[in-house]
1. Helix 13-39: angle to the longest alpha-carbon principal axis of the chain, degrees 0 to 90, nearest 10?
2. Counting only protein chains, not ligands or nucleic acids, how are Ser30, Ser12 ordered by accessible area (probe 1.4 Å), most first?
3. Could you work out how far helix 51-65 tilts from the main Cα principal axis of the chain, as a 0 to 90 degree angle to the nearest 10?
4. With 5 Å bins from zero, work out the P(r) of the chain over every alpha carbon pair and list the percent per bin.
5. If the elastic network links every pair of Cα atoms under 10 Å, which of Leu26, Leu36, Leu49 fluctuates the most in the Gaussian network model of the chain?
6. Round to a whole number: what % of the accessible area of the range 1-47 belongs to carbon and sulfur, probe 1.4 Å?
Amino acid sequence: MSWDWTHLKVESWWSHTKRASKLSGLLLLSGLAMLLHMIVPFWQQPKWLQAEAIKDSLEKSIRDRR
């Protein structure tokens, strides 16, 4: 097994790291918000942490890379 570095030809390592950090942070926060919503059902997540907003953010990130 070897490392596949070909995806870094399109963008720099730093740009890739920033984008990956932003998306992973967003996914972790939304997961925590869902757990909190499960425990406290009447609490509503902020709009930017709701599933539809997360989907839109991921789709935008994929479109921007093309």
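The values are calculated or read from the model by the stated rules, or taken from the named source; none is laboratory data. Since this is a predicted model, take the numbers as computed values, not measurements. All accessible areas refer to the heavy atoms of the entire protein, side chains included, with ligands and DNA or RNA removed. Shrake-Rupley method; radii C 1.70, N 1.55, O 1.52, S 1.80 Å.
1. Relative to the chain, helix 13-39 is tipped by roughly 20 degrees.
2. Working: Ser30 15, Ser12 65 Å².
I get Ser12, Ser30, largest accessible area first.
3. It works out to around 10 degrees.
4. In whole percents, the pair-distance histogram is 3, 15, 20, 19, 14, 11, 8, 5, 3, 1.
5. Taking springs between Cα atoms under 10 Å, the residue moving most is Leu36.
6. Working: 2980 of 4090 Å².
Taking all protein chains in place, the range 1-47 shows 73 percent carbon and sulfur surface.
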